[in-house]
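Here's the structure we're looking at; comments come further down.
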Amino acid sequence: VGEQVLLKCSFKSSSPITESLLVDWTYRPFTGGHMETIFHYQSVPHPPTAGKFKDRISWLGNVAKGDASIAIQSPVLSDNGTFICSVKNPPDV
């Protein structure tokens, strides 16, 4: 609580990295509920514009190096949950 949290995500692709590469981070609260996309990357980072993580997620990744990591600022206990990083680099998934 209170300190920045780093969510690491690394990937490998047999296809060249192009502008078609997509990164989606999804989140499901520990208490249950639906999955929600909390961060999207395609050519440039698209942080959330609404929801509990608005203005608190920053892109730390470097897709050229196989890194799709993000950071969450000012975490609180209610942020606890499952975070999933999904990378698609057509035709690779």
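Lysine pairs in the chain whose alpha-carbon atoms fall under 21 angstrom of each other, counting only those eight or more residues apart or on distinct chains, come to 7. Volume per residue for segment 45-93 equals 96 cubic angstrom (convex hull of Cα atoms). For segment 17-93, the relative contact order is 37 percent, taking Cα pairs closer than 8 Å that sit 6 or more residues apart in sequence and dividing their mean separation by the residue count. For the peptides 34-42, 77-85, residues were scored by their other Cβ atoms within 10 Å and the scores averaged per peptide; the highest-first order is 34-42, 77-85. With all protein chains kept in place, the per residue accessible area of segment 4-88 amounts to 60 square angstrom at a probe of 1.4 angstrom.
The 3J(HN,Hα) values that the Karplus relation (6.51, -1.76, 1.60; θ = phi - 60°) gives for segment 49-58 are, in residue order, 9, 8, x, 5, 9, 4, 6, 10, 10, 10 Hz. Gly and Pro appear as x. For Kirkwood radius over Cα pairs in Å, computed directly from the structure shown, the correct entry in (i) 12.9; (ii) 13.7; (iii) 15.9 is (ii).
Solvent-accessible area assigned to carbon and sulfur over the chain amounts to 55 percent, based on a 1.4 Å probe.
Checking every one of the trypsin sites (Lys or Arg not before Pro) in the chain against DSSP loop status and a limit of 12 other Cβ atoms within 10 Å picks out Lys8, Lys12, Lys54. Phi angles across segment 77-92 convert, under the Karplus curve 6.51 cos²θ - 1.76 cosθ + 1.60 with θ = phi - 60°, into 3J(HN,Hα) values of 4, 6, 7, 4, x, 9, 10, 10, 9, 10, 10, 10, 10, x, x, 7 Hz, Gly and Pro given as x.
The values are calculated or read from the model by the stated rules, or taken from the named source; none is laboratory data. Worth saying up front: this structure is predicted, and the values here are computed from it rather than measured. Glycine also receives a Cβ, built like all others from the backbone with ideal geometry; neighbour counts cover every protein chain displayed. Heads up: the accessible areas ignore ligands, DNA and RNA and are worked out on the full protein's heavy atoms, side chains in. Shrake-Rupley method; radii C 1.70, N 1.55, O 1.52, S 1.80 Å.
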